[in-house]
Amino acid sequence: MKSLHKLLITQFLTALADNAILMATVFIITEQALGNVYVAIVQACFFIAYALLAPYAGILSEKIPKSNTLWMGNALKLLGASLLFMGVNPAVSYAIVGIGACIYGPGKYAILREITKDEQELYKANGLVEGSTIIAILLGTVLGGFLSAKSLMLAMIVIMACYVLSFIFALILPKGEVSDVKFSRAWRDFGRDVATLVKIKEARTTMIGTSSFWMTSSVLRLAMIAWIPIALGIGTDTASLYMGVSAIGIMVGAFLSPKIIKLEKVQKVVYLGVGMSLAISVVGWLPYAVPIALILFIAGFCGGAYMIPLNTILQEKGTVVGNGKTIAIQNFFENILMFSGTLLYSGALKAGVEIPNIMIGFGVFFLIVSLFVGTQFKSIKSIKS
């Protein structure tokens, strides 16, 4: 079995469990009548854990083989799932899952650089990893919602089994290269590496683009989980199917991205950003199931195709500080923005703003960022150094 195939299986299983456990957590919160704001609080705990540990995760992914960070991350995710299964507070349990995801994240993309031969192969591999991840998000979201409604115990057993299997496949991945870096200088080196990447126009622009995408996407998921049951009069488990439609769109967009956007014409991602912005701005005003599903698919498709070239460019330019560190920095900013988006979403709910209006606000934000990203890339002819 090729190394890429092993990585795809590892990533698929852990991503499936990550999304299933979110739906299980939402189900627990709903059962305990804690409200939509508490869902946002739990999500925020995940982001905080991710962001605070990012400097250490980046160093860890350089100091030890990338595959080791994958099985270590899965082990912590399994611990968080086990605690949730035992009735520990959802915020605490999900924060531990967030720590595991933080450790896992840099290795997932950094190892791609080691198992691919050139820029185009890396681009295609990124599409495969993102595509398989989105399939896992689709299945995890739907399966998590369905199983939780039928039997929370069964849902948690399936989730923990996925983490165990992902752990096993991570163990047989190639070990790769390591560097002599020290944890004692984690934040100092992190700041220096951030400064280095920010000075590189392509790296700076891609981090702005990907971070704003994940901020908007995380709010969209929270908003749709809360709004669709009310708008269509259905349960949370059925509402998860609509997020599955969005995930299918992301999957298709990720797979087709290398054919839609050539790296030397990366400024064309602006059209995809505009498409996603318009879709999320109007979805909250649609009263019927089919139009909602269609618009969520379009939003997902545009988002999936938007992300892949940006990730590839960042990985190519990030070699200057190390691939693991680059992904950790990217994860740091993405989770800071997702946390900020969650706070804004929660604050808007508390202030009485309706969810469709909240989505217009985030749609306008992503539109502005997409236009900025497209403008910045206009002068770039190639990502090659």
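We did not get these values from a lab; they are worked out from the coordinates using the rules stated. These numbers were taken from a predicted model, which means no experiment stands behind them. Heads up, the Cβs are rebuilt from the backbone with ideal geometry, glycines too, and the neighbour counts pull from every protein chain shown.
Here are the numbers for this structure:
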| read-out | value |
| --- | --- |
| Candidates Ala351, Ala44, Ala57, ranked by Gaussian network fluctuation over the chain, Cα under 10 Å, top entry | Ala351 |
| Computed P(r) (all Cα pairs; the range 1-170; 10 Å bins; percent) | 11, 39, 35, 13, 2, 0 |
| Radius 15 Å from Cβ of Ala186, net charge of other residues (Lys, Arg +1; Asp, Glu -1) | +2 |
| Potential extension, Lys175-Phe146 segment - 0.36 nm per residue separation minus Cα distance | 6.7 nm |
| Phi to ³J(HN,Hα) by Karplus 6.51 cos²θ - 1.76 cosθ + 1.60 over the range 16-22, Hz, x for Gly, Pro | 4, 5, 4, 7, 5, 5, 5 |
| Value at 222 nm in deg cm²/dmol, rounded to 500, when DSSP H runs of n ≥ 4 in the chain each add -39,500 (n - 2.57) | -29000 deg cm²/dmol |
| The range 200-384, relative contact order [Cα under 8 Å, separation at least 6], % | 41 |
| Relative intensity, log₁₀ I(q)/I(0), of the chain from a Debye sum that treats every alpha carbon as a point, q = 0.12 Å⁻¹ | -0.87 |
| Pair Lys199, Met153: separation of 7 Å Cα→Cβ label points (nm) | 6.0 |
| Length-normalised contact order for the chain - Cα pairs under 8 Å, 6+ apart - percent | 27 |
| Note, ³J(HN,Hα) from phi for the range 99-108, Karplus 6.51, -1.76, 1.60, rounded to Hz, x at Gly and Pro | 4, x, 5, 4, 5, 5, x, x, x, 4 |
| Longest segment of the chain lacking trypsin sites (Lys or Arg not before Pro) that sit in a DSSP loop with at most 16 other Cβ atoms within 10 Å | 263-377 |
| Most mobile of Val129, Val373, Val92 in a GNM of the chain (Cα contacts under 10 Å) | Val92 |
| P(r) tail fraction, the range 1-43 - alpha-carbon pairs more than 16 Å apart, % | 50 |
| Semi-axes of the equivalent ellipsoid for the range 25-73, Cα gyration tensor, largest first, Å | 32, 12, 4 |
| Entries in Lys66/Lys150; Lys175/Lys259; Lys117/Lys325; Lys108/Lys150; Lys66/Lys378; Lys2/Lys199 that, when Cα-Cα distance is taken, lie over 28 Å | Lys66/Lys150; Lys175/Lys259; Lys108/Lys150; Lys66/Lys378; Lys2/Lys199 |
